[in-house]
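Here, each number is a calculation from the coordinates, and none is a lab measurement. Every value quoted in this text rests on a predicted model; they were computed, and no experiment measured them. Every residue, glycine among them, receives a Cβ derived from its backbone with ideal geometry; neighbour counts consider all protein chains shown.
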Amino acid sequence: MNSKAGRHSFGESDAEFLVVDRSRPQHHVRQFRVTAQFTGGFEDVFAKGDNAKLLPSSAVSNTMLAFAQRCIDAEPESYAAALAQRFRTVCPAAHIVTVSVEVADLEALGEGRERTSFTFPGREWQTAVAQSSSGGCLSICGGVRDLRLFMTTGSTFKDFLCDEYTTTPVFGDRALGIRVGVRWFTESPDTDFRSCRRRARQAAVDAFAGHTSRSSEHTCYVMGNAVLAACPEISRAEVAGVHQTRRLADMTAYGYRNPGQIYLIDDTQATTVAVEVIRPPDRLSE
């Protein structure tokens with residue numbers, strides 16, 4: 001049969017480990033999840049069983065750990081970029097190397113000067129993706145995943161498209177919950193990622209809290225636009241997630257009124273939302 005390998009990739013997914021810095025009285029612990037993917041350039045590996053260009057899984061996993069130790073104080077973006085460039089060097093057959101990183105800082109317990117006990121974080125993660133291509137191009141993005149936000153007022157939903165199956169009521173004032181990921185893309189590996197992350201996340205949260213939402217879609221765009229405004233070094237931002245249904249519980253069966261106090265949480269079905277907010281090329285880094 002005259003066939004050939006089409007799109008193909010290999011890699012290591014969701015390698016999870018802790019990085020512990022005990023060099024200071026107040027210890028610092030970070031939880032990592034790292035994925036590395038090698039795409040293209042390995043036709044003979046798949047079609048002929050020729051492993052000459054294949055980087056073993058032990059090399060990939062061990063490099064993740066070694067670079068985590070070397071980059072113990074680095075931002076997730078810098079760590080991801082260092083890994084991507086290393087993998088491109090030792091595995092030059094890959095057309096594209098993509099490294100995805102999720103980081104969460106454990107929370108120290110106690111008020112004392114020497115904090116050496118920790119609790120694992122909630123669901124929010126810092127994220128970073130670095131992609132190194134065979135042409136020498138390196139792209140980097142930072143972000144935050146599972147950012148959960150809720151407003152008790154200041155959200156409306158009206159003037160929407162209706163058909164014979166529409167049962168959604170018009171809301172002049174409603175509670176709104178969303179769970180989103182925010183990603184921002186930079187053009188330079190020399191970016192101050194720590195400052196950019198701090199400003200981007202704060203801008204997204206402040207935008208959510210400070211605007212009147214017309215819909216989840218509107219809210220996501222406002223958040224992405226605020227990230228661009230706060231970070232001139234960012235070329236584009238993506239906000240994607242779900243509208244989380246928070247419906248009023250019906251308390252009438254047992255004689256209670258519910259004036260916007262008790263809400264039921266149902267996250268099984270979710271309304272998805274995604275928007276990319278792009279800075280015009282001539283406005284970058286004004």
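Odds and ends about this structure:
- Value of relative contact order over the chain, rounded to a whole percent, pairs C-alpha under 8 Å and six or more apart: 13
- Volume per residue of the convex hull around the Cα atoms, evaluated for segment 127-166, comes out as 211 Å³.
- On Cα atoms only, tilt of 57-70 relative to the major axis of the chain in degrees: 70
- Listed residues SER100, SER215, SER78, most fluctuating in the chain (Gaussian network, C-alpha, under 10 Å): SER215
- The alpha carbons of segment 99-216 occupy a box of 55, 51, 24 Å along the principal axes, longest dimension given first.
- Degrees, to the nearest 10: 76-90 long Cα axis against longest axis of the chain: 30
- Size descriptors for segment 1-152 (Cα atoms only): Rg and Dmax, in that order, 18.6, 71 Å.
- Value at 222 nm in deg cm²/dmol, rounded to 500, when DSSP H runs of n ≥ 4 in the chain each add -39,500 (n - 2.57): -7500 deg cm²/dmol
- Charge dipole magnitude, Cβ of K and R +1, D and E -1 - the chain, Cα centre, debye nearest 20: 300
- Within straight-line cross-link reach of LYS158, aspartates and glutamates at Cα separation under 17 Å, skipping those fewer than 8 residues along the same chain: ASP173, GLU217
- Normalised by residue count, the chain yields a Cα convex hull volume of 233 Å³ per residue.
- Interchain or long-range residues, amide H under 5 Å from PHE118's placed H: LEU109
- GNM flexibility winner over the chain from GLY136, GLY11, GLY177 (Cα, springs under 10 Å): GLY136
- Selected from THR156, SER139, ILE178, residue furthest toward positive end of dipole (segment 56-185; charges at beta carbon): SER139
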